[in-house]
Amino acid sequence: MPRVDSLDHLVLTVVDIEVTVAFYKQALGMTAERFEAADGTTRTALNFGRQKINLHPAGAEFAPHAERPTRGSADLCFLSAEPLADWKRHLGALGIAIEEGPVRRTGATGPILSLYLRDPDGNLIEISNPLLWMPLVLQGNSEPLDM
């Protein structure tokens, strides 16, 4: 039986592409790219690692698209080697509220420690440190985990 290997990209439906780009660049360190799709339209994507997030404007989604594309319906978890204490300081300096965390969760490859926040469209964003990485993440960090 055939099987998939990895995620190449996902799509977020957003109200304002420029506001979304600014948030993901400033808050999460992603880069933005504009590209011409096969149909000749110019589109916007956010790049991180070897993946990307394509952005579709709400009400003017590019075809094909989800059956019911909806802003604020995503729940995304991003892994980071940066300690969550650093993320908490960074997000606080930007005025971005932490909704929950740090809390222990179970990720795709094992236990994670996570912070939760919202993007401008209300999507739930989880920033996580894999606990298997914790000895590397915490090297030189004298702060306790219960931030």
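The values are calculated or read from the model by the stated rules, or taken from the named source; none is laboratory data. Quantities reported herein were computed from a predicted structural model and do not represent experimental measurements. Reconstructed Cβ throughout: ideal geometry from the backbone, glycine too, with neighbour counts over all protein chains shown. Side chains are part of the model used for accessible areas, which takes the heavy atoms of the whole protein and leaves out ligands, DNA and RNA. Shrake-Rupley method; radii C 1.70, N 1.55, O 1.52, S 1.80 Å.
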Restricting the search to segment 94-122, which residues are in a strand (DSSP E or B) and either touching an Asp or Glu at 6+ places or on another chain (Cβ under 7 Å) or not β-branched (Val, Ile, Thr) (or both)?
-> Glu100, Gly101, Pro102, Arg104, Arg105, Pro111, Leu113, Ser114, Leu115, Tyr116, Leu117, Arg118
Given Arg71, Arg43, which one is open to solvent by 60 Å² or more (accessible area, probe 1.4 Å), touching a strand residue (DSSP E or B) at 6+ places or on another chain (Cβ under 9 Å) and of a type in the set (D, E, K, R)?
-> Arg71
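Is it the case that Ala93 is touching a residue at least 12 places away in the same chain (Cβ under 8 Å) and open to solvent by 20 Å² or more (accessible area, probe 1.4 Å)?
Spelling it out, it is not the case that Ala93 is touching a residue at least 12 places away in the same chain (Cβ under 8 Å) and open to solvent by 20 Å² or more (accessible area, probe 1.4 Å).
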Single residue of segment 10-35 satisfying the filter (outside any helix (DSSP H, G or I) and either at pLDDT below 95 or aliphatic (A, V, I, L, M) (or both)) that is nearest to the chain's Cα centre (by Cα) = Met30
What are the residues in segment 42-93 that are among the aromatic types (Phe, Trp, Tyr) and in a loop (DSSP other than H, G, I, E, B), if any?
-> Phe62
